[in-house]
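Visitor: Below is the structure I would like to discuss, written out as C-alpha cells.
The values are calculated or read from the model by the stated rules, or taken from the named source; none is laboratory data. All of these numbers come straight from a predicted model, not from anything done at the bench. Here Cβ is always computed from backbone atoms with ideal geometry, including for glycine, and neighbour counts include all displayed protein chains. Surface areas here come from the heavy atoms of the whole protein model, side chains and all, with no ligands, DNA or RNA. Shrake-Rupley method; radii C 1.70, N 1.55, O 1.52, S 1.80 Å.
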Amino acid sequence: MSAPSVRPVSEREARQVAEAAREQDWKKPSFAKELFLGRFRLDLIHPHPSPAVEDVRRGEEFLSKLRDFCETRIDSARIEREARIPDETIEGLKELGALGMKIDTKYGGLGLTQVYYNKALALVGSASPAIGALLSAHQSIGVPQPLKLFGTQEQRDTFLPRCARTDISAFLLTEPDVGSDPARLATLAVPDGDDYILDGVKLWTTNGVVADLLVVMARVPKSEGHKGGITAFVVEAASEGITVENRNAFMGLRGLENGVTRFHQVRVPATHRIGPEGAGLKIALTTLNTGRLSLPAMCVGAGKWCLKIAREWSTVREQWGKSIARHEAVGSKIAFIAATTFALEAVVDLSSQMADEDRNDIRIEAALAKLYGSEMGWLMADELVQIRGGRGFETAASLAARGERAVPTEQILRDLRINRIFEGSSEIMHLLIAREAVDAHLSVAGDLIDPEKTLGEKAKAGARAGGFYARWLPKLVTGPGQLPRTYTEFHPPGHRDLSGHLRFAERSSRRLARSTFYAMSRWQGRLETKQGFLGRIVDIGAELFAISAACVRAEALRAEGDHGTEAYQLADAFCRQSRIRVEELFGRLWTNTDELDRKVVAGVMSGAYEWLERGVVDPSGEGPWIADATPGPSKAENVHRPIH
C-alpha cells in the first residue's frame, strides 16, 4: 500500500500558517487576556451581565418544549444499544426547530442567544450525548456559523433556511495524517473556470455520514489570478464524486454519525466559497471562538447529572451503619462534583452572556471554558464511577437485567472522554491559549528572539520592549489583592466571605504575569518548546477565571434572591479547592521533572527501553498506522445516509 499523500512542511512554515490564521488584533477588552498580563479587571465581568427579558422568554419557552421532547421521545438506551440515533428522533428534532437554534428567525431559525443555545445543548446532551454532539457539530462549527460570520447574503439566503429546518451540516478539516497542523492539508481545490475541483480524503467527519451540507477546508494552489491557500467551501453532500467510505465506531458516543469522506473530482461552484481564498483557517478559528462554548455546556449538563446520581445513590447506599456520603472519603468526591458543576456553569454562562453582548473579546475565555470543562467533566464522571463502585463499572443494560435501576455511569465516562480531544485536544488548547497569553510580550519583544531579524530590527525591538516593561513591571508588585478591604461586596451579611478568594485571584494574576516574564527572560525563543511550563501557566489562568466566574455568579444569584446562601457556599467550596490546585501548579512551574522526562522520551524513542516491553503480546491487528489517503476514485460502498 502506498504512503499517505501528505504535503511535507517545515516546522517554521507550520508555525507561520498557524500564526497567519490567528486573529491578530484586540479591538475589544478581554478579562482573560488582562488576567494573564497581571491586570485583574473584575469590572469586565461584574456585575454579572444579564440577558434581555425577551431573550429569556423565548429561550425558556423553547427549553420547556425541548425538555418534554427529551423526556418522551429520546430513548438513550436504544441509541446506545443500536449505536444509532433513530431517524424519527432526528425528524422530531427538525420539527421542533432544534436544527435552527442559533439561526436568525428571518431564515426560519429560532434565533436563540448563546446563553440559551448552550442551556439547550446541556439539556439534550444529558438525554443523549450523541444527539448533543449532532446538534452542536451542525450549528457550532457546521454551515450556519461560518455563513453567519463570513457568508455572502446570497449564501445565507440559499443555505440557512435549509439548515434551520431540514438539512444537517458537517465540518470537514481533519485528514488521515493531518490534525491540528493544517499547514500539511492535502485536500486540493483546483480552480476550473467558475468552479473548483475537489480531491482528497477527510477523516472523523462528525455528522458526515448523514449530512446534507458540508463545510470543507481545502488547499487552493497558487496560480495566476488565484491567491491560493487553505479555503472554505460549502459543498452539497450528494454531489457526484463524494463517497462516505466508512462510518466510524468509537468507545463512546455510539450514536455519532462520524465517518471517512472521499472527494474525487467534485465540482463546487465558486459562489459556494466562503470568504476569499486563503481565509479558510481564519474562518475556522473565528467560528470556534464561540463555537467552543458548546462543548463545555454539555459538560455542565454531565456535571448536573453526576451530582443528581451521586446524591440519590448516596441516600440509599449504606456502609458500616451510615450513608456512604457521610464517609469523608466518598463525601469529598460529592463535594468536588457539586462545587465544580457550580463553577463550570458559572464559566459557561458568563462567557456565553459576554458573547451575546459582544462587548468583550472572548476568544481566550471560550478556549479556557473548553479546556477546563472537558478536563473537569471527565474528572467528575470518573469520581461518579468510583462512588457507584462495581455498579459504576457495570453497564445500564446489565443492571436492568438483574433488577436494578439502569444508571449509565460507565457510559457517561466513555462519552465524555472524547471532549478532551474534540475541537482541539487539551494539549493543543494549552498551546493556543499560551500563544494568546504571551501575545503582548511577542508584540513588543518578538523581533528580539526571531533569528531572521537584522541587528537593526532587533535594536528597535529592544527599545520598544524596554519602554513596555518599564511601564508594566512596576504594576506587578502591588495591587488590590493586598488590601484587606477590597471586594467587600462579596462578603454580604449572613453569607460566606468570597472577597478573600478574589483578592487571591488578583495577587495570583500578578504572580502569573511575573512568572511568564521570568520565563521569557530565561528561555527567550526556546519558551515555545517548554510546553510543560506553558501548560501550567494556562491551567493557572483557567483556575483563576473559574474562581472569578464562580464568585460573580454567586453574588448575582444572591442579588436576585435565587439560592444566594447555597450559591455562596458552593462558590466558597470551589474556590478553596481551586486555590489548592493553583498553589500546586505554581510550585510545579519551577520544580518538575520536565528535563528528566525529555531524556526518558529520547530513550524510549531510541529503543533503549525496549527490554521493558517484554513479557506481553500485542493483540493489535495488521495494517498501516495511518490509512492511505492518496486522491483518486473510491473503491468503497457509499454509506452516506441522509435523513429525510
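Visitor: Taking H as built 1.01 Å from N, whose amide H comes closer than 5 Å to the amide H of residue 204, not counting residues under 5 places away?
Guide: Excluding prolines and chain starts, which carry no amide H, the hits are 259.
Visitor: With the convex hull built on the Cα atoms of the range 111-201, state its orientation-averaged projected area in nm².
Guide: 8.0 nm²
Visitor: Among 206, 246, 40, whose Cα lies farthest out toward the positive end of the dipole of the chain, if unit charges sit on the beta carbon of Lys, Arg (+1) and Asp, Glu (-1)?
Guide: The residue sitting farthest along the positive end of the dipole is 40.
Visitor: Using alpha-carbon positions, what is the distance between the centroids of the range 290-322 and the range 106-179, in Å?
Guide: If you average the Cα positions of each part, the centres end up 27 Å apart.
Visitor: Which value, in debye to the nearest 20, describes the size of the charge dipole of the range 190-330 about its Cα centre when Lys and Arg Cβ atoms bear +1, Asp and Glu Cβ atoms bear -1, and nothing else is charged?
Guide: 900 debye
Visitor: Convex hull volume of the Cα atoms in the range 404-477, per residue, in Å³?
Guide: So the per-residue Cα hull volume is 130 Å³.
Visitor: Using a probe radius of 1.4 Å on heavy atoms only, what accessible surface per residue do you get for the range 433-559? Whole Å² is fine.
Guide: With all protein chains present, the range 433-559 gives 44 Å² per residue.
Visitor: What do you get when you divide the Cα radius of gyration of the range 441-600 by 2.2 N^0.38 Å, with N the number of residues?
Guide: 1.30
Visitor: Please report, largest first and rounded to whole Å, the three semi-axes of the ellipsoid equivalent to the range 272-326, where each semi-axis is the square root of five times an eigenvalue of the C-alpha gyration tensor.
Guide: 49, 8, 6
Visitor: At a 1.4 Å probe, what is the % contribution of carbon and sulfur to the accessible area of the range 567-644?
Guide: Answer for the range 567-644 is 58 percent, counting heavy atoms of protein chains only.
Visitor: Over its Cα atoms, what ratio of radius of gyration to 2.2 N^0.38 Å does the range 252-378 give?
Guide: 1.53
Visitor: Next question. How about the range 21-126: which chymotrypsin sites (Phe, Trp or Tyr not before Pro) there lie in a loop by DSSP and see at most 16 other Cβ atoms within 10 Å?
Guide: Of the chymotrypsin sites (Phe, Trp or Tyr not before Pro), the ones in loops of the range 21-126 whose Cβ has at most 16 other Cβ atoms within 10 Å are 26.
Visitor: Now, a different point. Return the whole-Å distance between the Cα centroid of the range 347-378 and the Cα centroid of the range 464-499.
Guide: Cα centroid to Cα centroid, the span is 23 Å.
Visitor: What is the magnitude of the charge dipole of the range 536-630 about its Cα centre, with +1 placed on the Cβ of each Lys and Arg, -1 on the Cβ of each Asp and Glu, and no other charges, expressed in debye to the nearest 20?
Guide: Roughly 360 debye, rounded to the nearest 20.
Visitor: Give 370/458; 94/148; 106/370; 222/282 a once-over and call out the pairs whose C-alpha atoms are over 27 Å from each other.
Guide: Violating the 27 Å limit, Cα to Cα: 370/458; 106/370.
Visitor: Over the Cα atoms of the range 391-517, what is the Rg over Rh ratio if Rh follows Kirkwood?
Guide: Ratio of gyration radius to Kirkwood radius for the range 391-517: 1.25.
Visitor: So if I restrict to the alpha-carbon atoms in the range 142-293, what is the Rg, and what is Dmax, the biggest pairwise distance, in Å?
Guide: When restricted to the Cα atoms of the range 142-293, Rg and Dmax are 14.5, 47 Å.
Visitor: What whole-number distance in Å separates the alpha-carbon centres of the range 599-644 and the range 203-248?
Guide: 24 Å
Visitor: Which chymotrypsin sites (Phe, Trp or Tyr not before Pro) in the range 319-370 sit in a loop by DSSP (not H, G, I, E or B) and have at most 12 other Cβ atoms within 10 Å of their own Cβ?
Guide: Filter output for the range 319-370: 320.
Visitor: To continue, here is another question. Give the accessible surface of the range 176-258 per residue, rounded to a whole number of Å², with probe radius 1.4 Å and ligands, DNA and RNA excluded.
Guide: Spelled out: the 1.4 Å probe surface of the range 176-258, per residue, equals 36 Å².
Visitor: Consider just the alpha-carbon atoms of the chain and return their Rg together with their Dmax, both in angstrom.
Guide: For the chain, the Cα radius of gyration and maximum Cα-Cα distance read 25.4, 81 Å.
Visitor: Once you put a point 7 Å from the Cα of residue 457 and another 7 Å from the Cα of residue 308, both along the Cβ direction, what distance in nm separates them?
Guide: 5.8 nm
Visitor: Farthest toward the dipole's positive end in the range 283-389, which of 384, 297, 324, given Cβ charges of +1 (Lys, Arg) and -1 (Asp, Glu) about the Cα centre?
Guide: The listed residue farthest towards the positive side: 324.
Visitor: Over the Cα atoms of the range 59-102, what radius of gyration and what Dmax do you get, in Å?
Guide: For the range 59-102, the Cα radius of gyration and maximum Cα-Cα distance read 11.1, 32 Å.
Visitor: Can you give the log10 of the normalised intensity I(q)/I(0) at q = 0.14, 0.26, 0.31, 0.35 Å⁻¹, computed with Debye over equal Cα scatterers of the range 457-499?
Guide: Values, matching the q order: -0.54, -0.87, -0.99, -1.08.
Visitor: Would you calculate a helix-derived [θ] at 222 nm for the chain, using -39,500 (n - 2.57) for each DSSP H run of n ≥ 4 and dividing by the full residue count, to the nearest 500?
Guide: -17000 deg cm²/dmol, from helical runs alone.
Visitor: Right, another one. How long are the semi-axes of the ellipsoid equivalent to the range 596-644, from square roots of 5 times the Cα gyration tensor eigenvalues, in whole Å, largest first?
Guide: 40, 16, 13
Visitor: What is the percent carbon and sulfur in the accessible area of the range 196-337, measuring with a 1.4 Å probe over the protein chains and ignoring ligands?
Guide: Using a 1.4 Å probe with all protein chains present, the range 196-337 comes out at 55 percent carbon and sulfur.
Visitor: Quick one: compute the contact order of the chain, relative version, from alpha carbon pairs under 8 angstrom and 6+ residues apart, as a percent.
Guide: Computed over the chain, the figure is 18 percent.
Visitor: Next question. Which ³J(HN,Hα) values in Hz, rounded to whole numbers, follow from the phi angles of the range 157-163 under the Karplus curve 6.51 cos²θ - 1.76 cosθ + 1.60, where θ = phi - 60° and Gly and Pro get x?
Guide: Once θ is set to phi - 60°, the couplings for the range 157-163 become 5, 7, 9, 5, x, 5, 5 Hz.
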